[in-house]
Amino acid sequence: MNKPRIDASEALWRRAKGIIPAGTQTLSKGPTQFVDGVAPKYLQRGKGCHVWDVDGNRYIDYGMGLHPIILGYCYPAVDEAIKRQLEDGITFTLMHPLEVELAELLIETIPCAESVRYGKNGSDVTSAAVRVARAYTGRDRIALCGYHGWQDWYIGTTERNKGVPAAVRELSHVFEYNDIDSLQALFDAHPGEFAAVIMEPMGVVEPKDDFLNKVKEAAHTHGAIFILDEIITGFRWALGGAQEYFNVTPDLAAFGKCMSNGMPVSALAGKKEIMDQLEEVFFSFTFGGECLSLAASKATITELRDKNVTPFIWAQGAKIRDGFNALAAKAGLAAFVRFVGLPPRTVAAFTGGDHFVDLELKSLFQQECIKRGVLFTGYNAISFAHDDQVVDQTLGVYEEALGVLARAIGDGSIKKFLEGDVVRPVFRKV
């Protein structure tokens with residue numbers, strides 16, 4: 001199986017490196033996340049669940065734009081809504097009716113939503129939630145769990161904290177998922193000082209023993225606001241997000257990604273008495289009410305609701321996850337790789353043990369998938385476009401890629417089978 005020709009990709013990358021710091025606008029899309037020398041670097045277009053790179057190679061995509069493309073690329077109902085709005089204009093000097101119409105739809109859809117404000121990225125609204133919580137409580141400290149974007153209050157807790165003042169870093173505290181004692185320890189260490197607890201409702205591990213409601217109760221006991229970061233889970237776990245699926249209603253919640261099938265918009269939703277802080281808390285920017293994205297969001301959420309999309313992506317995701325794990329077991333690789341997580345978004349967990357490097361295993365598997373026409377990113381963000389034929393084709397590719405991985409493990413050398421550079425993490429643990 002030959003690797004694809006990627007000459008045009010490589011030529012663009014040579015041009016980018018000298019003029020774009022890090023070479024990319026989004027680190028998770030950059031060459032460090034893919035087998036350099038084998039994977040394409042630039043995609044030209046998409047349709048359904050397929051994408052074409054700048055050299056004309058076609059792939060089944062499971063990254064789906066880093067999750068937002070929940071209906072499929074170029075989904076007709078969403079694209080038509082954008083085109084209709086484009087004929088009237090993109091952004092205006094005064095407000096537009098779509099601001100009200102989408103807010104009403106979100107309030108109907110999201111359990112915690114009593115009022116709504118818009119952003120453009122997930123970081124906009126998670127940071128707005130933190131600022132609102134600080135204003136509402138008069139406190140400064142934040143307890144957090146999960147990934148929450150690029151702003152100082154969160155990224156200062158990671159190893160990529162260059163440029164974040166120490167005074168800011170000292171106000172953010174990390175607790176462990178499914179470990180209520182780790183949160184309680186923070187409250188005990190700084191009594192009466194926490195403004196909020198913000199967390200992703202789930203990554204790849206499910207909450208145990210009603211963990212989310214326990215966090216909510218602990219936050220309220222200590223006078224803190226409970227915030228769910230639903231940038232990934234929103235509209236994917238259920239139409240009303242993970243809060244609907246897990247039956248936990250936060251004080252505030254941040255949504256993005258899937259709410260507009262790829263257009264740049266996000267939303268902060270929550271209790272009116274807390275959201276009313278935004279009457280004075282400054283959260284305002286030129287493109288907050290940009291109309292193409294609001295039209296796309298309204299159309300996307302309507303399609304998700306009317307086409308009953310959530311049960312479909314759960315079913316297709318289960319086929320991929322369970323089918324892959326069966327194939328891995330059949331190949332004798334159950335100890336080395338499996339898909340984990342709930343069906344709408346499963347993640348490949350590679351385990352090298354004492355003899356192999358996890359990221360080398362991932363790199364070889366990714367390489368072999370790309371050579372066979374599947375753009376494997378490390379996770380499966382299932383969309384409405386991943387039909388049975390695509391799933392069956394994908395599992396066929398996964399089976400062949402697992403076969404190569406098994407041979408490399410049997411040979412005792414993964415690198416000998418690699419045709420490009422090993423992928424590197426941005427900073428998050430795999």
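Taken over the Cα atoms of the range 91-289, the convex hull encloses 123 Å³ per residue. Each helix, a run of at least 4 DSSP H residues, gives -39500 (n - 2.57); summed and divided by the residues of the chain, these come to -12000 deg cm²/dmol at 222 nm.
Extension gain, Asp388 to Arg305, is 27.8 nm, computed as 0.36 nm per intervening residue step minus the present C-alpha separation. Using C-alpha pairs under 8 Å with a sequence gap of at least 6, the mean separation divided by the residue count of the chain gives a relative contact order of 22 percent.
Taking amide H atoms as placed 1.01 Å from N in the peptide plane, the amide H of Val337 lies under 5 Å from those of Thr351, each 5 or more residues away in sequence or on another chain. Cα centroids of the range 247-270 and the range 1-72: 27 Å apart. The slack between Lys47 and Leu27, meaning 0.36 nm per residue of separation minus the straight C-alpha distance, is 4.8 nm. For the range 179-269, trypsin sites (Lys or Arg not before Pro) meeting the loop criterion (DSSP other than H, G, I, E, B) and having at most 14 other Cβ atoms within 10 Å: Lys208. Given a Förster radius of 41 Å and the C-beta distance between Val174 and Phe312 as r, what FRET efficiency does 1/(1 + (r/R0)^6) yield to the nearest 0.05? Here the calculated transfer efficiency is 0.70. Shape index of the range 237-345: Rg/Rh, with Rg the Cα radius of gyration and Rh the Kirkwood radius from the inverse mean 1/r over Cα pairs, equals 1.11. The string of couplings for the range 118-131 from the Karplus curve (6.51, -1.76, 1.60, θ = phi - 60°) is 9, x, 10, 10, x, 4, 4, 8, 5, 5, 5, 4, 5, 5 Hz, one whole number per residue in order, with x for Gly and Pro. Listed values for the range 299-306 are Karplus-derived 3J(HN,Hα) couplings in whole Hz (6.51 cos²θ - 1.76 cosθ + 1.60, θ = phi - 60°), namely 5, 5, 5, 5, 5, 4, 6, 6, and x replaces Gly and Pro.
Here's the picture: charge each Lys and Arg Cβ at +1 and each Asp and Glu Cβ at -1 in the chain, and of Leu361, Cys49, Leu171 the one pushed furthest to the positive end of that dipole is Leu361. Dipole size of the range 91-289 about its Cα centre, with +1 on Lys/Arg Cβ and -1 on Asp/Glu Cβ: approximately 500 debye, rounded to the nearest 20. Judged by the gyration tensor of its Cα atoms, with axes a ≥ b ≥ c, the range 52-111 is oblate; a/c meets the 1.5 cut and b/c is at least as large as a/b. The relative contact order of the range 197-354 comes to 19 percent, based on Cα pairs under 8 Å that sit 6 or more residues apart. The mean sequence separation of alpha-carbon pairs under 8 Å and at least six residues apart, normalised by the residue count of the range 337-430, gives a relative contact order of 31 percent. The C-alpha atoms of the chain define a longest principal axis, and helix 180-189 lies at about 50 degrees to it.
For a protection proxy built on the mean count of beta-carbon atoms within 10 angstrom, sort 342-353, 182-193 highest first, please.
342-353, 182-193
Mind pulling the angle between the C-alpha long axis of helix 388-411 and the longest principal axis of the chain? Nearest 10 degrees, somewhere in 0 to 90. The angle comes out at about 60 degrees. Listed values for the range 227-233 are Karplus-derived 3J(HN,Hα) couplings in whole Hz (6.51 cos²θ - 1.76 cosθ + 1.60, θ = phi - 60°), namely 10, 9, 8, 9, 4, 8, 7, and x replaces Gly and Pro.
How far apart, in nanometres, would the label points at Ala189 and Asn161 be if each is projected 7 angstrom from Cα along the Cα-to-Cβ direction? Result for the modelled spin labels: 1.1 nm.
Taking the Cα centre of the range 308-430 as origin, work out the dipole magnitude from +1 charges on Lys and Arg Cβ and -1 charges on Asp and Glu Cβ, in debye rounded to 20. Walk me through the numbers before you get to the answer.
Details: 14 positive and 13 negative charges, 64 e Å.
The calculation lands at about 300 debye.
Remark: the range 388-430 carries a charge dipole of roughly 460 debye about the Cα centre, counting +1 on each Lys and Arg Cβ and -1 on each Asp and Glu Cβ. Compared with the dominant principal axis of the Cα atoms in the chain, helix 76-88 is inclined by about 50°.
When Lys and Arg each count +1 and Asp and Glu each count -1, what net charge do the other residues less than 11 Å away from Ile274, Cβ to Cβ, add up to?
Details: positive: Lys271, Lys272; negative: Glu114, Asp251, Glu273, Asp276.
The answer is -2.
Taking Cβ atoms as reference points and 14 Å as the exclusive limit, the residues near Glu290 contribute a net charge of 0, counting Lys and Arg as +1 and Asp and Glu as -1.
Stretch Val357-Leu12 to full length: gain in nm at 0.36 nm per residue minus the Cα-Cα span? Working shown, then result.
Numbers: separation 345, 0.36 × 345 = 124.20 nm, distance 3.07 nm.
In short, 121.1 nm is gained.
Computing Rg and the Kirkwood Rh from the Cα coordinates of the range 1-90 gives a ratio, Rg/Rh, of 1.03.
Since every read-out is calculated from the coordinates, none of them should be taken as a lab result. Here the structure is a predicted model, which means the values were calculated and not measured. All Cβ positions, even for glycine, are placed from backbone atoms using ideal geometry, and neighbour counts span all protein chains on display.
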